[in-house]
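Q: Here it is, the structure, as structure tokens.
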Amino acid sequence: MSFRCVVCGKGPKSGNAVSHSRRATRRVFRPNLQKIRIILNGNVSREYVCTNCIKSGKVKKPAVAAASK
């Protein structure tokens with residue numbers, strides 16, 4: 001799985017994990033990706049999207065089918 005949003009392209013960033021003694025070791029900051037159903041290029045597909053795109057409305061979700069009785 002690639003840690004990249006299909007809408008905005010947000011991906012992992014590198015930085016330091018800083019302990020209490022302020023010793024820095026390298027680490028990776030990954031975006032908060034969620035696998036949701038979205039409409040992409042007119043087709044419904046299940047893709048990884050960051051939560052910022054979901055909350056800001058950049059993602060078009062498909063209509064939920066009503067339960068048949």
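The values are calculated or read from the model by the stated rules, or taken from the named source; none is laboratory data. Remember, predicted model here, so these are calculated numbers, not experimental data. Cβ sites come from the backbone with ideal geometry, for glycine too, and all protein chains shown count toward neighbours.
Q: Taking into account only those residues within the stretch 29-49 that are more than 15 Å from G9 (Cα to Cα) and not small (G, A, S), which is surrounded by the most Cβ atoms within 10 Å (Cβ to Cβ)?
A: I38
Q: Please enumerate the residues belonging to the stretch 50-68 that are surrounded by fewer than 10 Cβ atoms within 10 Å (Cβ to Cβ) and hydroxyl-bearing (S, T, Y).
A: Across the stretch 50-68, the qualifying residue is only S68.
Q: Picking from K61, K69, which residue would you name as being on the phi < 0 side of the Ramachandran plot and in contact (Cβ under 8 Å) with a residue 12 or more places away in the chain?
A: Of K61, K69, the one residue that is on the phi < 0 side of the Ramachandran plot and in contact (Cβ under 8 Å) with a residue 12 or more places away in the chain is K61.
Q: When you scan the stretch 3-36, how many residues do you find that are in a loop (DSSP other than H, G, I, E, B) and in contact (Cβ under 8 Å) with a residue 12 or more places away in the chain?
A: Of the residues in that region, 12 qualify.
Q: Turning to a different aspect of this structure: Could you tell me how many of the residues in the stretch 5-22 are touching a strand residue (DSSP E or B) at 6+ places or on another chain (Cβ under 9 Å) and farther than 15 Å from I54 by Cβ? Show your work before the answer.
A: Filtering the stretch 5-22 down to residues touching a strand residue (DSSP E or B) at 6+ places or on another chain (Cβ under 9 Å) leaves 5-8, 10, 12-19.
Next, only the ones that are farther than 15 Å from I54 by Cβ stay: 12-19.
Qualifying residue count, the stretch 5-22: 8.
Q: V64 is checked against (1) touching a strand residue (DSSP E or B) at 6+ places or on another chain (Cβ under 9 Å); (2) of a type in the set (V, I, T); (3) modelled with pLDDT under 95 and fails just one. What number does that condition carry?
A: Evaluating V64 over (1) touching a strand residue (DSSP E or B) at 6+ places or on another chain (Cβ under 9 Å); (2) of a type in the set (V, I, T); (3) modelled with pLDDT under 95 leaves (1) as the failure.
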